[in-house]
Amino acid sequence: MKLDMATGCRLVLMLLTTVLTSTGAVPVPTPLRTLPGARGCHMSQFKSLSPQELKAFRRAKDALEESLLLNWSCSSHPFPKARDLRRLQVWERPVALEAELALTLKVLGTMANSTLGDTLEQPLHTLRYIHSKLQACVPAQATTGPRAQGLLRQWLHRIHKAEEMESHDCLEASVTFNLFRLLTLDLKCVASGDLCV
């Protein structure tokens, strides 16, 4: 069988790519599930939410904004605008998102007992499902052990401090205004693993 030059070059390139990739000579994106301490982490399904889920979150966010007291104030901001998960190492991102999501669930859970219960039911169900999947991505002892350092430690401290010291009105406002950032930026970044740059 006679091969032309272009076909021969393509075969050689494919063979080289396969060999280099399998030997680790070429960087290959690391899925979160292979990170140290991550047990059955499968977050890629959350790169984008369905239009129905986003519509339910939009409806909930609008209702939450309408219910906020006009005179709320915060002495600190649990979710500062300058925060960017891309500045963290890949293994740290699920840890930061898990803390952010845990506070969001806690605050929205208390609001679900109000007149917003029906509006929050579907978003809370979705957030709880995401949280359950995310917990498999958080390495053991990541939030309490010596591994939580630098920027991650600062972010976790800020969230915990706000939870302890801020008024409930402040937390409700912070969670409400952060909701779509959590869903469209932070969750997508964690779901994308090291492709989030």
Does any residue in the range 183-197 that is in a helix (DSSP H, G or I) come within less than 7 Å, Cβ to Cβ, of a residue that is of a type in the set (Val, Ile, Thr) and modelled with pLDDT under 90 six or more places away or on a different chain, and which pairs are these? GLY193/THR30; ASP194/THR30
For a quick check of your reading of the model, give me the residue pairs whose first member lies in the range 106-120 and is touching a residue at least 40 places away in the same chain (Cβ under 8 Å), whose second is surrounded by 13 or more Cβ atoms within 10 Å (Cβ to Cβ) and part of a loop (DSSP other than H, G, I, E, B), with beta-carbon atoms closer than 9 Å and at least 6 apart or on different chains. LEU108/LEU116; THR119/ALA112; LEU120/ALA112
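So is SER167 open to solvent by 50 Å² or more (accessible area, probe 1.4 Å) and under 16 Å from the mean Cα position of the chain (by Cα) or not?
Against the criterion (open to solvent by 50 Å² or more (accessible area, probe 1.4 Å) and under 16 Å from the mean Cα position of the chain (by Cα)), SER167 does not qualify.
For the range 58-97, enumerate the residues that are in a helix (DSSP H, G or I) and surrounded by fewer than 20 Cβ atoms within 10 Å (Cβ to Cβ). Lay out the reasoning, then the answer.
Restricting attention to the range 58-97, the residues satisfying the condition of being in a helix (DSSP H, G or I) are 58-67, 85-87, 92-97.
Result: ARG58, ARG59, LYS61, ASP62, ALA63, GLU65, GLU66, SER67, ARG86, ARG87.
The values are calculated or read from the model by the stated rules, or taken from the named source; none is laboratory data. Fair warning: this is a prediction, and the values are worked out from it, not measured in the lab. Neighbour counts are summed over all protein chains in view; Cβ atoms, including those assigned to glycine, are modelled from backbone coordinates with ideal geometry. Heads up: the accessible areas ignore ligands, DNA and RNA and are worked out on the full protein's heavy atoms, side chains in. Shrake-Rupley method; radii C 1.70, N 1.55, O 1.52, S 1.80 Å.
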